[in-house]
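Worksheet: the structure to be examined is printed underneath.
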Amino acid sequence: MSDTILNTTKCWYALRDLKRSNAIQPAFKLLTELGIEVFTPTQWRLVVRNGKKVRREVAVMHDLLFAYDTRKNLDPIIAKTETLQYRYKKGGKYCEPIIVPEDDMNRFINAVRASESPRYHSAEEIDELMCGKNIRIVGGPMNGYEGKLQSVRGSKVKRLVLILPNLLAVSVKVESEYIQIVE
């Protein structure tokens, strides 16, 4: 896409929040307060607060978040916030921010929200040994989704793996009756 189109078209940008994981105002809160749609992969963890264990939702990767807006709106915010940056593509054009295709990001977000216990994996963890056959989900809340079947030896749970290339992957539980193998 050309720069003028990107300045006026909303896209999902991958961003880095360089604040500490226990910061009072992380970037996702700042962006949300400014009216920008934000997605941060989170999971529930037990943390100690004032000597007591408390269940709290925390970011899976504290420096990773996705913002859905135009470059025209995001650039001034990122310029004045020292701890917020675009994530850039490796190789290719100099300083080109990573843009996640809207359909892929929406599918990823919906799968995470539809699952009670999504499991996140870094891009380095996903390899051909972990992922099996290509599958399509037919029926249920993730009808039409395609991805890889996660193969874990000895497990009776079937999981669909959805990948955001070079960023993150999520595996979500699916019922066997909804799985269709794609050739």
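The values are calculated or read from the model by the stated rules, or taken from the named source; none is laboratory data. All figures in this text were calculated on a predicted structure; none of them were measured in a lab. Because the Cβ atoms are built from the backbone with ideal geometry, glycine has one as well, and the counts that use them run over all protein chains shown. SASA here: full protein model, heavy atoms, side chains in, ligands and nucleic acids out. Shrake-Rupley method; radii C 1.70, N 1.55, O 1.52, S 1.80 Å.
The table below lists the values:
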read-out: Subset tally (residues that are open to solvent by less than 80 Å² (accessible area, probe 1.4 Å), closer than 22 Å to R87 by Cβ and not in a strand (DSSP E or B)) for the stretch 151-180; value: 1
read-out: Members of the stretch 93-128 that are open to solvent by 40 Å² or more (accessible area, probe 1.4 Å), within 27 Å of N143 (Cβ to Cβ), not charged (D, E, K, R) and not in a helix (DSSP H, G or I); value: I99, P101, S117
read-out: Breaking point among (1) of a type outside the set (V, I, T); (2) open to solvent by 70 Å² or more (accessible area, probe 1.4 Å); (3) over 21 Å from W12 (Cα atoms); (4) at pLDDT 85 or above, for E183; value: (4)
read-out: Which numbered condition Y86 fails, given (1) touching a Pro at 6+ places or on another chain (Cβ under 8 Å); (2) at pLDDT below 90; (3) crowded, with 17+ Cβ neighbours inside 10 Å; value: (2)
read-out: Subset of the stretch 31-63 that is modelled with pLDDT of 85 or more and of a type in the set (D, E) - its residue that is nearest to R16 (Cα to Cα); value: D63
read-out: Selected residue (criterion: farthest from M105 (Cα to Cα)) from residues of the stretch 33-53 that are open to solvent by 80 Å² or more (accessible area, probe 1.4 Å) and under 17 Å from the mean Cα position of the chain (by Cα); value: W44
